[in-house]
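A.B. asks: Quick one: structure below, then a few questions.
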Amino acid sequence: MAGTQKPVTCRACHAQCGLLVDFEDGRPIATHGDKNNPVYHGYSCIKGREFANDHRLPSRLTHSLARGENGTHRGVASAEATAEIAARVKALTDAHGPRSVALYIGTFGYNNFAAQGWALAFMRAIESPMVFTSVTIDQPGKGVASALHGMWLAGSTTILDWDALMLVGTNPIVSMNGGLGMNPARALKQAKKRGMKLIVIDPRETDCAKQADLFLQCRPGEDPTILAAIARQMIEDGLIDHTFVDGETNGFETLKQTVAPFTPAYAAERAGLAAEDIVKAARLYGEAERGGVSAGTGPNMSGRGNLTEYLVRVLMSLRGHWLKEGEVKRNPGVLINPAPAIAAASAPGPGWGFGEKLRVRGLTETVSGLPTAALADEILTPGDGQVKALFVLGGNPMLAWPDQIKTFEAMKALDLLVCFDPRMSETAKLAHYVIAPKLPYEVEGNTALNEFIGNFGPGWGYDRPYGQACDPIMNVPEGSDLIEEWELFHGMAQALGLPLRVKPFSILNPAEAEKRATDVDMNRTPAPDEVWDIILKDSPVPLSEVRKHPTGTVFDRPETVVQPKPPGWDGHLDIGSAPMMAELAEVAAEPVAARLHDNEFPFRLISRRLHDMHNSNWHENERLQRKWAYNPAFIHPDDMVRLGVGTGDVVEIESTRAKILGVAEAAADVRPGCISMSHAWGRNPDTAEDPYTDGGNTGRLSYNDRDFDPYTGIPRMSTIPVRIRRANTARAAE
Ligand SMILES: Nc1nc2c(c(=O)[nH]1)N[C@H]1C(S)=C(S)[C@@H](COP(=O)(O)OP(=O)(O)OC[C@H]3O[C@@H](n4cnc5c(=O)[nH]c(N)nc54)[C@H](O)[C@@H]3O)O[C@H]1N2
Ligand SMILES: Nc1nc2c(c(=O)[nH]1)N[C@H]1C(S)=C(S)[C@@H](COP(=O)(O)OP(=O)(O)OC[C@H]3O[C@@H](n4cnc5c(=O)[nH]c(N)nc54)[C@H](O)[C@@H]3O)O[C@H]1N2
Ligand code: SF4
Ligand SMILES: [Mo]
């Protein structure tokens, strides 16, 4: 049979690259980037090129599973599982109230709007407020900072215009996090050719840092200090946009006073940098006519993430690096309705302190969601409101949540744990039901997610009105019984006689989305395309139109010129937010010496991404193991000598919480005193691990109830104090 080629939206990570998959005799034989794609320009990564193969790995579940009395899993028909789970949800909510049922949306739930839309509607139908997502263990500072600072409605410019870009603890060339846009390496190369200056602040000389004009290889956990010093220097040098600051912001004087103690010399001492490099950074960024700042997971996980993200926005506002009146907003929206393109600020609002209150640590709902780091305690703490059932939608708490030891206790304590997972993940192993889903290439796809995350900050999402929608390109495995995630929620609601009202993701304004929500016909199961029509209702370009472009296209949409601020508009950005300034004053008051010397736990374990692996997904695909088949512990060669270990040796990495094993790897790009390791490896605490294959869960080293952010609850997941020693046995298991 002749070969065929099918276009597809990759969904192996959030970036949704437009790819081409070659088939022979119905089998995928190769996947590659699409050179003709107008925004990805042929980009692909190994994870995307392997994604079709992941669908056919032997580890793939083809049937859902239920756990029997003896603890082993048996196959269960999806219809039967739906009825049984619905009955158990009903029994739990009748006995303990709706709050006893919680939902955790992990990356593969967050990245799937159809699944998310139905799951959220189901939670509203049972009246449970207990919805958690991976956002609060990722970059929760982004939402909080945007709320406190206010949003500039027209948005920011993009890398196509920037004279300077500052990346703070993020490596978008590998991670596709914000900053560089789609095809990040190409975008960076072109921008640099144009003269854009790149500043990178990171304890590791990342792929981005290697191309930086100025690289500040800082001590981790000092980002608020460094950014405050940069702001102070910009003010001192007069590198601020006074028209913007005077007209559109409040709080300049408060900011100026609060950053005053952060002299370059002070910041340099704390952060282990040269004072003149901090001054240089302020000048490179401050002299840029147009620019952007983007922070990532590193600083969000190293303490005071809200403050770091807030200062990111303050730097942009000091320079007025937002789209101004009369400028063109390049993306007027395809599947998502953007905020109105007006040169005005939304009024700042609270970042926390509303909605559901958790029973632990005084935590509340936040703009980034309920604090996921506290969910284990909500499960383990007896009394009214105790969480007894958990739906895990495309996530893997056992390998991803902080405090793996407590998470393990929590998962085992649940009366009902339902995991939607195509593999027997470490969490799925503990589940009462594992629901085997269809995988992305077996269902319709589109680029709404990546367009949606364009709101996270500069350099996220598309800089043009690009959209792609594709049909399923693969059949489900023969003889399988798989469902889409939304089907389980739909089926449960039907079984319980509950109505579902699904809000569209195409509309960002919450009140408007509520108004335009769809009351789903519960007498039948919708067709998959109807589901997407509901999820992307009233999009700027109708989904039916986008579906005509399976290879993706830039739509011919009228150019949006940023309009003047409407008369009487009173929204101002707040660059002197009271809680943030109070926190910055706390930073200034911290005793520095104690931060610099820690004899007991002298190393700082810092987070990182590996190029070929995405979180805990599909590690078993051998082609993804071409570079690393285990979780390497990257350590500076000088530190290796001091520790008496060589590359390939097993080391014990110990925090006050626990010990894990890792395989040492000499890495001159890591700042001395740091150990750089990826998350989402390892096994459950009751399982022997081999550091050369599956060992090394960094989450085990952290606590969820110490050293946490008082609002989002995110504990220290990077910059964890540890000590390192050579392990006694080469293949010792903990
Ligand atoms: N120490 C430390 N901890 C961290 C981090 C860190 O840097 N350091 N990073 C944090 C971050 S940024 C995040 S986002 C979280 C991630 O937290 P999680 O989202 O909880 O973890 P993942 O490993 O992404 O889990 C994805 C799960 O979805 C399953 N899956 C894959 N494809 C599909 C699909 O198509 N459908 C369904 N239903 N399931 C699917 C996978 O098998 C896997 O079990 O981890 C956080 N934890
Ligand atoms: N290949 C690949 N891509 C991914 C993922 C993956 O697992 N693999 N995961 C996806 C997910 S869930 C997310 S959220 C994004 C995350 O995207 P990014 O945030 O860009 O993630 P990283 O590449 O880990 O970059 C974090 C950087 O922070 C640095 N760092 C650690 N601590 C500190 C600190 O205290 N201060 C400073 N300044 N830097 C610090 C680390 O050295 C590291 O270089 O990536 C996504 N893309
Ligand atoms: S970056 Fe993400 S979306 Fe793009 S090819 Fe790789 S895995 Fe797929
Ligand atoms: Mo993430």
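A.B. asks: Would you mind stating whether residue 66 is touching a residue at least 60 places away in the same chain (Cβ under 8 Å) and either hydrophobic (A, V, I, L, M, F, W, C) or in a helix (DSSP H, G or I) (or both)?
C.D. replies: Against the criterion (touching a residue at least 60 places away in the same chain (Cβ under 8 Å) and either hydrophobic (A, V, I, L, M, F, W, C) or in a helix (DSSP H, G or I) (or both)), residue 66 qualifies.
A.B. asks: Shifting gears a bit: For the range 137-148, indicate whether the set of residues that are more than 16 Å from the chain's Cα centre (by Cα) and surrounded by fewer than 21 Cβ atoms within 10 Å (Cβ to Cβ) is non-empty.
C.D. replies: No, the range 137-148 has no match at all.
A.B. asks: When both residues are 6+ apart or on different chains and their Cβ atoms are under 6 Å apart, which pairs have a first residue that lies in the range 113-141 and is within 13 Å of residue 93 (Cβ to Cβ) and more than 10 Å from ligand 1 (Cβ to nearest atom), and a second that is modelled with pLDDT of 95 or more and aromatic (Phe, Trp, Tyr)?
C.D. replies: 122/489
A.B. asks: Can you list the strands (runs of 3 or more DSSP E) found entirely within the range 1-60 that contain at least 2 residues being within 16 Å of ligand 2 (Cβ to nearest atom) and either loosely packed, with under 14 Cβ neighbours inside 10 Å or modelled with pLDDT under 95 (or both)?
C.D. replies: Answer list for the range 1-60: none.
A.B. asks: Search the range 61-79 for residues being of a type in the set (Ser, Thr, Tyr) and touching a strand residue (DSSP E or B) at 6+ places or on another chain (Cβ under 7 Å), and hand back the single one that is surrounded by the most Cβ atoms within 10 Å (Cβ to Cβ).
C.D. replies: 64
A.B. asks: OK, next. Which ranges mark the strands (runs of 3 or more DSSP E) fully within the range 566-684 that have 2 or more residues being among the hydrophobic types (A, V, I, L, M, F, W, C) and within 16 Å of ligand 1 (Cβ to nearest atom)?
C.D. replies: 603-608, 632-635, 659-666, 674-678
A.B. asks: Limited to the range 112-166, what total is found for residues that are over 29 Å from residue 196 (Cα atoms), more than 16 Å from ligand 4 (Cβ to nearest atom) and of a type in the set (Ser, Thr, Tyr)?
C.D. replies: Here the count works out to 1.
A.B. asks: Moving to a separate point now. Right, residue 178: in a loop (DSSP other than H, G, I, E, B), away from ligand 4 (no atom under 16 Å from the Cβ) and not hydrophobic (A, V, I, L, M, F, W, C) or not?
C.D. replies: The answer is no for residue 178.
A.B. asks: Right, something else. Could you tell me whether any residue of the range 601-621 is surrounded by fewer than 17 Cβ atoms within 10 Å (Cβ to Cβ), touching a Lys or Arg at 6+ places or on another chain (Cβ under 8 Å) and among the aromatic types (Phe, Trp, Tyr)?
C.D. replies: yes
A.B. asks: Looking at this structure, is residue 88 in a strand (DSSP E or B) and either within 16 Å of ligand 4 (Cβ to nearest atom) or over 31 Å from the mean Cα position of the chain (by Cα) (or both)?
C.D. replies: The answer is no for residue 88.
The values are calculated or read from the model by the stated rules, or taken from the named source; none is laboratory data. Everything numeric in this text was worked out from a predicted model, so none of it was measured. Cβ coordinates were reconstructed from backbone atoms using ideal geometry, including for glycine residues, and neighbour counts include every protein chain displayed.
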